[in-house]
Structures are given as structure tokens and as C-alpha cells.
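Report on the structure given below.
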Protein chains: 4
Amino acid sequence: MSFNTFGHLFRVTTFGESHGPAIGCVVDGCPPRIPLNESDIQPYLDRRRPGQSRYTTQRQEPDAVKILSGVFVDEASGVQVTTGTPIALVIDNIDQRSKDYSDIKDKYRPGHADYTYDVKYGLRDYRGGGRQSARETAMRVAAGAIARKIVPGLTVRGGLVQMGPHRIDRARWDWAEVERNPFFCPDAKLAATLGDYLDGLRKRGSSIGAVIEVVAEGVPAGLGAPIYGKLDGDLAAALMSINAVKGVEIGAGFSAAELTGEQNGDEMRMGNDGKPLFLSNNAGGILGGISTGQPVVARFAVKPTSSILNPRRTVDRYGRETEISTTGRHDPCVGIRAVPIGEAMVACVIADHYLRQRGQIGDTPAWPFPPRAR
Amino acid sequence: MSFNTFGHLFRVTTFGESHGPAIGCVVDGCPPRIPLNESDIQPYLDRRRPGQSRYTTQRQEPDAVKILSGVFVDEASGVQVTTGTPIALVIDNIDQRSKDYSDIKDKYRPGHADYTYDVKYGLRDYRGGGRQSARETAMRVAAGAIARKIVPGLTVRGGLVQMGPHRIDRARWDWAEVERNPFFCPDAKLAATLGDYLDGLRKRGSSIGAVIEVVAEGVPAGLGAPIYGKLDGDLAAALMSINAVKGVEIGAGFSAAELTGEQNGDEMRMGNDGKPLFLSNNAGGILGGISTGQPVVARFAVKPTSSILNPRRTVDRYGRETEISTTGRHDPCVGIRAVPIGEAMVACVIADHYLRQRGQIGDTPAWPFPPRAR
Amino acid sequence: MSFNTFGHLFRVTTFGESHGPAIGCVVDGCPPRIPLNESDIQPYLDRRRPGQSRYTTQRQEPDAVKILSGVFVDEASGVQVTTGTPIALVIDNIDQRSKDYSDIKDKYRPGHADYTYDVKYGLRDYRGGGRQSARETAMRVAAGAIARKIVPGLTVRGGLVQMGPHRIDRARWDWAEVERNPFFCPDAKLAATLGDYLDGLRKRGSSIGAVIEVVAEGVPAGLGAPIYGKLDGDLAAALMSINAVKGVEIGAGFSAAELTGEQNGDEMRMGNDGKPLFLSNNAGGILGGISTGQPVVARFAVKPTSSILNPRRTVDRYGRETEISTTGRHDPCVGIRAVPIGEAMVACVIADHYLRQRGQIGDTPAWPFPPRAR
Amino acid sequence: MSFNTFGHLFRVTTFGESHGPAIGCVVDGCPPRIPLNESDIQPYLDRRRPGQSRYTTQRQEPDAVKILSGVFVDEASGVQVTTGTPIALVIDNIDQRSKDYSDIKDKYRPGHADYTYDVKYGLRDYRGGGRQSARETAMRVAAGAIARKIVPGLTVRGGLVQMGPHRIDRARWDWAEVERNPFFCPDAKLAATLGDYLDGLRKRGSSIGAVIEVVAEGVPAGLGAPIYGKLDGDLAAALMSINAVKGVEIGAGFSAAELTGEQNGDEMRMGNDGKPLFLSNNAGGILGGISTGQPVVARFAVKPTSSILNPRRTVDRYGRETEISTTGRHDPCVGIRAVPIGEAMVACVIADHYLRQRGQIGDTPAWPFPPRAR
């Protein structure tokens, strides 16, 4: 990952500001002959799109993605497929309300990157957050939709597992539930209470943080690489790069600090399929930076929305002390919409490692290399 | 980060296995004319070196680092300095006990990367863990010693803040204490109890996890870059790439999930030095992926040592179910020695971003760009 | 350079096919606060644009570039400047004539990449050459227009120095002449004959190769880096990556093979400005991969246009032997329009190295380091 | 390629100065389970090694390579193989004569990088050229020996085709001859005259340039990638990065500038093996940056040795005008020993692209994709 590009063989470069003419990305290195239409991408964008429930910002944008390059109709099948050349995607910014920015253009909003952009670059596009806006994440979701098609049998799903003090009961985990409530929450009982909780926060002009869990199933064993190409290292970078994320963990994560070796190490038996079977998954599907074949489990913490109504002390770019309160369209819990974004980043990282593994080792799995019998 | 290299302008490539002839690294992109001798690196290696207390493995290696290239005596000063060309460092492996590996060469140790290396590569150097051995981290520490010399005014320090159920009391934090106890623990009172705790674990043939905190002071504001070159994204990758690490957080980290916007956003006032002053540091010194000038605070969780005496169920590379118990030299808490390693990784990331920032923006700070008065 | 991205700190990623909806690029890593409007880029595109004389293809496209991101009006000056975030540029494809591709969609045109794209990807966008079309080079020119603004005092100019058997007389070199004839030829006398020469070739349904020379003046000494980051290594890659280029040389180039050491080595004296003065420039401004401060001189050979009227033997993608002759809009000498493209690539490479040098060494020149007097 | 690393999936990082303790490299990304011993590498080093004939420098070094990591004995076969982890190679510098450097440490030798290293870094290791020494190329040759083992069926051979005014007669090309004369010249008749020619040059204290041709056979069709990952772009960078190289060309190269489209485009027929057969190879095995399956043919020009006895005008680092003449061990034609180096670079580039191609596309060739019959 460097600057505005992530990935090595599956490479995604994003561009665009919140209130510029458009946002977009270039997906380079995608294998050829993968069926791809806008309709493969749009549903994922629709999941992330704001304005779908009263719990997310009311900015209304169709977020209609256009493919500008890298696809062609395969004559044999009549289906539009990838050509192996760069796939450019673009979303026009429609809802750029002409707005009075006089209050925020000079003031640094606490928790936002206003000050750091100014101190780094000497100026910033302050309209809607400019490049720091979460609007950029739409392109991650779009790229993730392509990434999902690269690894055969891969499924990447996520859910909100904590909002403020409210945590899910893992015994009630139901993936189907995630699509049934506006919080992407796999615990129906918890989800039923989150609406009132958020309404209360909103009324107080406040906001709250959250924890998201992403699970990737069907990840082949052997992806990742020592030492600085570890699968978990790249996942950590990818998830930490999402706006407002302050922590990332894999498998047992921070709770591993309280485990003994006996509790933590996942014991192994042989499965009926002739492959090793792990009796637990504290590793989160990754050992030594390489996938085990178990589900890859990552979790990340999202801080509360920094744009809140309640006035905060701050300074402006002229060094004057002042106050600011943010009005306008903002999610009280940005963690909610982080679910599809987290899924997308995990899918992109796995697709990249899938291609890297195939490059170094080839299509044939290395193991079992020696004959079973001995 | 890719494969065995990390960093973009300050680039570190490591090599070597636990029981091969040597381990080493190549540090590329280091600025020229920085005074550098083995004696600048060795003290950091000595801090990480095993066998220094009964709480770490008794492997006895001097870990004497040799500089093979990239330095020359500056005639004007008579001091050996970097030349701007690659600095190769090497440590000979001395204590490669000839040992019977018959028990572990075919069996997959739970919690280790034995299975994943085999499944990826089709074979592995099983002696002492081969490339997965934490011995590789000596070269991170060596590279970190160089990185520390690049950013003027930078100080990077770390401490153990949790071991199993035992957490420090932050009110008792004393950096001087870190060097006084064998646990790198900034809380003297807690440190006094950890010896007995570890002895108990060792007697039971067990092990325990830990949490390490690294604080970098003197980080100039403006380091890091949107969107995939974020300072926290690179820190997350760097720390997650350390052996046995399962979680990384910045500033408030996972606890941010329970904070409201009012609690989380760090308010700003003007300091006496004419620079903004943050009234708290939940951001951990990073907003929007760019340093604020506050201390950069990162925390990471280390799982318990996987090599334990107590027998565990596993399989071997021939698909047979079996058991394994690990004898030999092992730290009951690998988290202890992770402190100097974590420091080194943070130093390397900051040095890299310092050079990247200078490349894009130049030596002159961008801010304050407009005149203060208006 | 990798896939569709080139550069390290000044990074350009291009996308788009000849007959897709648009072509474009993302320029990442550009320093902030550089004045930039479409009008800074358009003149360079207009120079490269086809259809400007009867000696280039008659495809008529305005090639109007749009900036989608990465710029903002600087309040202090009222001028639109770069923000340091990715600059996305896009050109809509207007003149996508609906055309009958039945002849070329299955047949492999000799000299084109039809076969290699098919063998690599299993399919290709055959409309107008798809991704292999020289249309992609418009984005190089656009990126080059930005690159030119990064290095203070840099001037990059090019000229056609050979077309088929016709070579310029260096004694007649006049930069002003380059803009006065449709061949970018610095030798007015030669230029006066090239029109008839090309008319003759066109009438015979043929085409011809050329050699282009690019000269960069104002390149600071010290750019480039050993060993694989050499300035000439990157120039070679950049120029060889232009469509139809088959050779690249620096300074004396291939003629250096016939020189003795006495003839080749550029002797040095002290100039009036206190800087070294080279008495010749066989080095082409680069020694050991690092710029000397002299003009950087690169030359590249462009093969003749492969699309010719005269029928050629070939095969189709079904393995059948056949013939093909190319009708339609084609430059008889693609080398002509390679002039602005070559300039752009040289500008991009120098801008990238300027930022890389500044990253590793800083703004202050390293030399003269020791006091002059001794 | 960046700084001291080249390649993307097959990555080589070199280090070391001419008169430091050692030179070495790290080869990262090599596929596992490839048989590898020092004896696979040493013969290539011996070919490049100086002191083997009176026509190359008399520096006497055994150049014995040691493998420090990345290999292990495969139990099944008893053969030492690569493990997929970084392969570190090192050669101790033996013949570091203690010598008086007082003449060259301050003076800039014309044609050398003395001045540019000083101007870039502010100091340089002047002993034997330091990092600019061609000694670094030994590690290229070592890495190339590994690269040769990666692509099944690949053969990479080179020969000297021009020395000063003397060019080979292609009708007499005999690969076997290359190993029979000290000039790696495939034309026995020409080789017979080169000894006297070089003796004459040496007596006059002079030196001469050369052109080398490298031919890679067995390159699978489909390697390389548009647009900035072209196979020829990477070859150009790799060859231009060799010390003293001033020009690179592919296939017809610069002579393509004088060809018509009819002469240049390689016509195609169907071969008996069911694959396309090209009737000529002006493309040098590469079209649109992608290999055609024909031999890849690259040529590069090497300037004359800059270290000559005859005195040259120059300046010193204190800005004083002076003269210098180089005594000591130097090849009168460095182009001779460039043959094995050029071969190695071509092998490394092809190995890298082979892995990249396999990553994006997989093991199965994409073509012929559609059914032959139609």
C-alpha cells in the first residue's frame, strides 16, 4: 500500500473528493475473462450507500457506477468479461449541494483531518471533507465487488458486533439477520434495540463508536507470505486505512493477551476430507502470516462520528481559538456503513494474495507434497 | 510491505533462518552522512537478546552485528557515516545446537506456522522454526536502530502494559522503570509481581500473552498520506507483521467503540509555542492517517508462546493424528521481548514516512501557510 | 514501473481503450500548491493530437482533458492549485466511428500486439487496437504536462532527428524550427523534404520508422540512484514503454561502442559559476545513473507504422493462414507524434527522481560538502 | 526497479562496495523446491570473474559464493532445494589491496561517477569505485543463475557482436564459439583478431567500447504486460542499469528507423506444432510489450573503460582544476565481461515476468482460447 494505491498484483488506485465532479478508481492486474458488468458492482455500492435508513446520513446519491475500461464482450459466450487491462470505475458526484462552507473552511473540526491536511499540504478541499471524506470508501466497495470474483469459492461477510456498550451475543449469530436490519447486525435481539439507542444519541447531537467483524470463508490454505507480506499484516493495513478505524485484530485478537498457550493454540485433527481440521480458531485462520484454510476472522474498531452538533473547542488555520458545531447530514454511527467497506477491503487483500501465491507457487497446491503413506 | 521487504523510501529487507549460517538485512534508502557504527546498533540488539533473565529463553547468542556495506569514514570529521548506499547487516548464528529434530520435523506444532509453511511451500526448514523463528526480529531491531537516527528529535519508547490478567496502573507509568525490570514494564509495582507469576506459568509448562504499548514522541506533524499510505495503516501492518501479534490499535483503539463523539474528538487550543495544542490524545497522534504532532501511540497484543510443555493434539505432514509437547528453550511470555521489536517497527515506519513527506512536500513545513493575521 | 503504473513518488496510472467510453489517468504523489488548470495540459495534448496535418492520422478528436480531482482554489491567491491528493484526468472518446471490425477481429496484424494480447489474455478489445492503441499515450502527455511543473527550471524538448534514411544535420539544429513544421524536426532544410517523402510512402501504402531525441535542460545534478534506481535505467524503461519503440540510448549511445576511452570520457573544468563544467556530453548528462547537471540527452527509435495498405501474410485466432491489409486512419510515420510523448516520459521520470532525491537527501544540495579551500 | 532492488515477484536486492568486507544480494520471491547449491551459481560467476585472460583486469578473486539462507534439504529427494524464503548470497572481498588512494579520493575521474556520487551524497567510498564498481555485477550474475532455473525450457545466451569498429559477420554466428575465445564472441574469425586489437589499445593506455547481444530462447508467449510492465520496458531498464551501458535495443532496434512497414512487420504462418510461426523476428520476440514465443533478442552498447592511462583534464572536490591518469588493474574493454552480466539481467527479467504472468493468468495458457474449428 502506498499513497492512493493498494495491493501488489490486484492493485486498486482511488481518486476523488467528496464534492468534486466525480470519484473513481482503477483496478489493475485483474485476471482476464471474469464476467463483469456494472450490475455486479452496484448491489455492493447500494449496501454502503447513505440515505437508506434514518440511521445513516441523508445525503441522497444514486452512486451509479460506470465502467470506463477493461471489459469487452467475449465472442464465444456473448458475456461481457474483464480483458486483463485496467478497469476504471467512476461515480459522478450528484448531490453536491451548494452550501455555505464559511464556518468550516478555516476551523479545524476535532476528530477530523482538517488540521493534518492543512499542516501537510498547506491547503485542503474543505467541501464535505474533500479527500478525507468517507465518500472515497465507495470505490473500495466497488473494487471489492471485483475482488470477490477472483478467488473461487470465496465468501466474505461482515457484521456489526458492538455499538457503544452494546455487544452481540455470539450464540445468536445469524448471517441472514445481517441483511434484515439497518445495522448489519447478526444478532436480531440486539438489532431490535439499536434503533432507539441511536435515536437517543441523535437527539442529544451525539455519536457513538462500533466494532465490525468480517469473516472470509473459502480462503485457500497457503495465502500470505513471510515476513512483511503476511496476510494479517496486509489485512491490518487495509482495515486500518478505512476512515475512523482505530484498531484491528485477527482471531482471538487482544483477548489473546489473556490466554495461556493451552487455551490459545488451535489443536489439529484430520478431517473427513483428508485435510487437517482445527478444533478452534483463535488464530483467525492465519498462522505465521499464512492462511490455514479456516475462516479468516478480522475485527476492527470504528471511532464515533466526529461531526457532532454539540459545540467543541478548536482553533482555526489562522491560529485563533474558537468553537465549532457541525450541522448537516451525518451518520450518528459511521461504524454501520463500515461493514460493507470492511468486507471489501478483506476481499481485496485476499484476492491480491491469491494472485501472489499463484505467481510464486503456481496453480498446483504445494501440500500434501510428500506421499501420505510412509 | 511485500514479501521480505518493508518500507518505501527507507526500505528494509531481511533474510535468514533460525539455524542457518546467519541472519541479516539490507537497509536501503538511508540518507547519507548519518554517523553509524556497530555500537549504535548493538545496544538495541542486546535489549532484545534472549538469555538475559530467567524469564526469557536461555538461548545464548552474542548477536554481534556486523556492518558489511554502506558506511565510510567521512574525511572532514573522521567519523564513520552512512554513504546513502545499501547498508547490509549480518549476525552469525552461533548457538545452533546440534539437536534431534525427529519429533518436530514432521509434526505440526499448534499455534506455530509449521502447517502453513508446509502447505504453502511443500517443505520447510524445521530447525528452530526456520524462517518463522522470532530470530528474524533481531534484524528489525537492528534496522530500527538506524531508523531512529533519521528523524531529528524523534524518541520511540515502549513498555509492557498487560500480561495475562495483569494490567498496569497508568497513574504509576514511569519510563525509567522500563529499563529497571526484566519485563520492560513501566509500572514498578506490577513488575514486582510478574516474576512470581511467570515462574508459576513456567512450572506448569504453560505460557501467557501480553499487550505492548509504543509511544513515539517528536514526530513532526504532517507525516503520513491518504489513503493507502496512512501512517496508522503502515503502523498496523508493521506491528501485525511481528511474530505472534494478533491485534493493533492506535490511540483510544478498541475502546473508541464505546466512546461518544464528545468523548473521543480531541479538542484544540493554541499552545504557547504558536502551535495547536490538543487537550487529549484519543487520536494517538494521527488524524486522517497523518500525524498531528502529538505523541504517536500504538498498542499491540501478543499471543502466548505456542511452544509449551503440555502435550497438544495435532497431525503430522503425512496426515496422521498425533500429539506434541515442546521441550527446550522458550520464553513463557514472548510479549516481553516484543517491546524492543515494536519500538523498532514504529521507528522504521516513521523514518520511512519522514522521507516520503520530504519527497512530496520538501523540507519546509507547509503550515502555517497563510499569514496568521487576517 | 509495473502494470499500468509508472513512477515511485510521482506515480502515473493510466487506463482506457481506444474505442471505450474514455481514457484517463491518475497522477498520485504530486506536490501540493502547484498551479494547475486544464489549460496547462491541453496545449501539450494538442501537440500530440492526430489530424493536425495530413501527415498524421485523420482521426478527429478534440481530446479535451478534464480534471476530476486533486485541485482546489487556493484562497490566498485565487488560483487553482494541486492539493497533494490524486489528480484524475479523463478524455472522453468522441470519434468512435461505428465501423466494421469483422476483418481484424480474428486476424493478427503483423507488427501489432493482436496475437500477443490474445495469447496472454485469451481475448482482446480489437476495436482500434483497444489497450494497445497509441491513444493511451495521450495520458502520458497529460501527466507529463504536470511533471514539467514540479522541477524548478526544468525544460524538456524533443525533436525528430531521423526518418527512414533521412537524418538531420546537427549543425542546423534550431529548437524554434521544431514548432514550425509538422514533423517536430529541428532541421528546417530536412523538414522541407519530409513532406514529399511521406506523401510518396503514403501513396505506396507504406510507412517508415524514425528516431527522436529528447533533451532535458535544467536537471539538477544528483538525481538518480544506484543501482536499479538509475536515472538512465528509468528513462530507458519509460521510453521503451512507448508504443513502437525498439531502442533507447543516452548521450553517445550505441556510438560509444566505437569510441576510445579518451574520446568518450567527458573532461571537466571549473565553470564561472563555481560549478564543474564538462567539456563534452557523451554521458548524456548521466554518470553512474546520477545526473551531472548537464543536459540529459535521450534518443529512441520508433518502428514504422505496422498498419499498412499492402497485404501481409498472417494467421487468425482459429489457426488459419490468411492475409490482411489495413485500411483507415493511420500515420505513415508514428515517430512524428512520438516527439511530445517522449518529452512527457522524460519529464515524468525526472520529476519522480527529483522527489525521490529530495526524500532521501533533502532540499539542501549535498555538494559542495567540504569547504572549497583546503 | 527502485534503488537497489529489481523485480516484482522475483526480486533481487544487492549490496556492497568494491573494497568493503563483502558484496551480496537477497533473492526474494523464488519459487520453492527448486534444487539449488553453490555449484549452480559458481560457474556463472567464474565466467564473469576478472583475471581469467590478459584481456580483463588482473584482480584475482576466487569470488566464491556462499548461500546464507533460503535453502533446505528436501527429505524426499535428499537434494538441497529452495524453500520459498529469501535466498541471501554473499561473496567475501579478498583482494582488497591496501593501496594509496590519495590521487583519486579527491579527483573526479572523467567517465566515472565520482562527481555524481559526491554531488548527490556529499561523500563517497572511493576505494576501487565503491558502490559504482562493476564488482556489484557479480551479484547480478549470481541472481541470474537462480533465475535461469525458474522458467522451464529457458535458455539465455549472449555474445559480443561489436568491439570498436569490428563487427561480427552474422553468417558465421556459432554459439559454441562463444565459450572458446576470451571475448565471448560468436564469430571465430573476428575473435582471432581481437586479441591483437586489444593489445594495441592497452599499449596505448587506451580502451574501447562494445556491443553485446543476448538471446533468450524458450520464452513462453504471453509474458509481459501493458503498459508500464512491458517485457521490453523492463529489459531496457535492466540492461541500461549495468555499469557503462549507454544504449539498449530489441530486435531490429535502431535499424527499425530505416525500415518500411513491409520490411519490419513479421509475417505469420502456422507452424507444424499448431502454433503460429513468424517468418522473421524484427520484433525481437516482443509485440506490444508481450512475448511472442520467438527468441527474445536484446542488444546493448557498452562505453569504453573510463579508467585509462592517458592523462585527462578534470577537477577535484575542492573545485580545483587538475589532471588524472588511472593506473592499475582495468579491462581495456569492459564490454567483454558484460556478456554474462547481460545474460543474467535478461534471465532475471524473464523469470520475474514468468511469475507475474502466472499470478495474473494462472498456469494454463490463455491461448488458443476459442476452439480452433469454427
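The values are calculated or read from the model by the stated rules, or taken from the named source; none is laboratory data. What you see is a predicted model, and the numbers here were worked out from it, not measured in a lab. When we count neighbours, we look across all protein chains shown, and the Cβ atoms used for this are built from the backbone with ideal geometry, even at glycine. For the accessible areas, the whole protein counts, side chains as well, though only heavy atoms, and no ligand, DNA or RNA atoms are used. Shrake-Rupley method; radii C 1.70, N 1.55, O 1.52, S 1.80 Å.
Annotations for the structure displayed:
- Peptide C:293-302 - average C-beta neighbours from other chains (10 Å radius): 2
- Under 30 Å from the Cα of A:K303 - lysines, other chains or at least 8 residues apart: A:K99, A:K105, A:K107, A:K120, A:K189, A:K203, A:K230, A:K246, B:K230, B:K246, B:K275, B:K303
- C-alpha long axis of helix D:137-147 to longest principal axis of chain D, angle in °: 20
- Paramagnetic label zone (point 7 Å from Cα along Cα-to-C-beta, A:K66; backbone N under 18 Å) in the range C:1-38: C:15-26
- Solvent-accessible area assigned to carbon and sulfur over the range C:205-251 amounts to 50 percent, based on a 1.4 Å probe.
- Chain A: C-alpha pair distances exceeding 41 Å, %: 16
- Counting 0.36 nm for each residue step from C:K189 to C:A76 and taking away their Cα separation leaves a gain of 35.7 nm.
- The mean number of partner chain beta-carbon atoms within 10 angstrom of a residue's beta-carbon across peptide C:159-170 is 1.
- In chain A, the longest principal axis of the Cα atoms and the axis of helix A:338-361 are about 40 degrees apart.
- Order by protection proxy (mean Cβ within 10 Å, highest first), peptides D:168-177, B:130-139, A:233-242: A:233-242, B:130-139, D:168-177
- Cα-centred dipole magnitude for chain B, charges only on beta-carbon of K, R (+1) and D, E (-1), debye, nearest 20: 560
- B:E217/A:R320 FRET efficiency (R0 35 Å; Cβ-Cβ; nearest 0.05): 0.80
- Look at the dipole of chain A built from charges on Cβ: of A:N93, A:I67, A:F6, the Cα furthest out on the positive end belongs to A:N93.
- Student exercise, the range D:226-266 dipole from Lys, Arg, Asp, Glu Cβ charges, in Debye to nearest 20: 240
- In the range D:100-233, taking the dipole from charged Cβ atoms about the Cα centre, the farthest positive-side position among D:L160, D:A145, D:C185 is held by D:A145.
- Within the protein assembly as shown, all pairs of alpha-carbon atoms sorted by distance into 20 Å bins from zero give the percentages 10, 39, 38, 13, 1.
- Site pair A:R172 and C:L309 shows an inter-label distance of 8.0 nm when each label is modelled 7 Å from Cα along Cα→Cβ.
- The packing ranking of peptides B:264-271, A:77-84, highest mean first, is B:264-271, A:77-84, where packing means the average number of other beta carbon atoms within 10 angstrom of each residue.
- Radius 10 Å from Cβ of D:L154, net charge of other residues (Lys, Arg +1; Asp, Glu -1): +1
- Shape call, the range A:239-374: gyration tensor on alpha carbons, a/c limit 1.5: prolate
- Heavy-atom accessible area per residue - chain C, 1.4 Å, Å²: 30
- Here the dipole of the protein assembly as shown is about 0 debye; that uses its Cα centre as origin and unit charges on the Cβ of Lys and Arg (positive) and Asp and Glu (negative).
- Prolate/oblate/rounded label for the range C:112-230 (Cα gyration tensor, a/c 1.5): oblate
- If a spin label sat at a point 7 angstrom from the Cα of D:S53 along the line to its beta carbon, the backbone N atoms of the range D:192-217 nearer than 20 Å would be those of D:192-215.
- Chain D: relative contact order in percent, alpha carbon pairs under 8 Å with at least 6 residues between: 21
- Calculated [θ] (222 nm, deg cm²/dmol) that DSSP helices of n ≥ 4 give over the protein assembly as shown, each run adding -39,500 (n - 2.57): -7000 deg cm²/dmol
- Whole-angstrom gap from the range C:115-186 to the range A:139-177, using each part's C-alpha centre: 48
- What sits nearest the axis between copies C and B, counting only chain C Cβ atoms, is the residue and whole-Å distance C:G359, 1.
- Report note on the peptides D:296-308, A:272-284, B:248-260: ranked by the mean count of other C-beta atoms within 10 Å, highest first, their order is D:296-308, B:248-260, A:272-284.
- Under 5 Å, built H, 5+ apart or other chain: amide partners of C:V79: C:D74
- Inter-copy label distances at C:E75, shortest first and taken from points set 7 Å along Cα to Cβ: 5.4, 5.9, 6.9 nm.
- Comment: the Cα-to-Cβ extended label point of C:P35, at 7 Å, lies 4.7, 5.4, 6.8 nm from its counterparts in the other copies, nearest first.
- The equivalent ellipsoid that matches the C-alpha gyration tensor of the range B:113-171 spans semi-axes of 32, 22, 8 angstrom, in descending order.
- Shielding by partners for peptide D:315-327, expressed as the average number of C-beta atoms from other protein chains within 10 Å of each residue's C-beta, is 4.
- Area buried, chain A against chain C - accessible surface, total, 1.4 angstrom probe, square angstrom: 3500
- Across the options A:V297, A:V315, A:P276, the greatest Cα extent toward the positive end of the charge dipole of the range A:270-318 (unit charges at beta carbon of Lys, Arg, Asp, Glu) belongs to A:V315.
- Pairwise centroid distance, computed over Cα atoms, of the range A:273-314 with the range C:188-233, Å: 54
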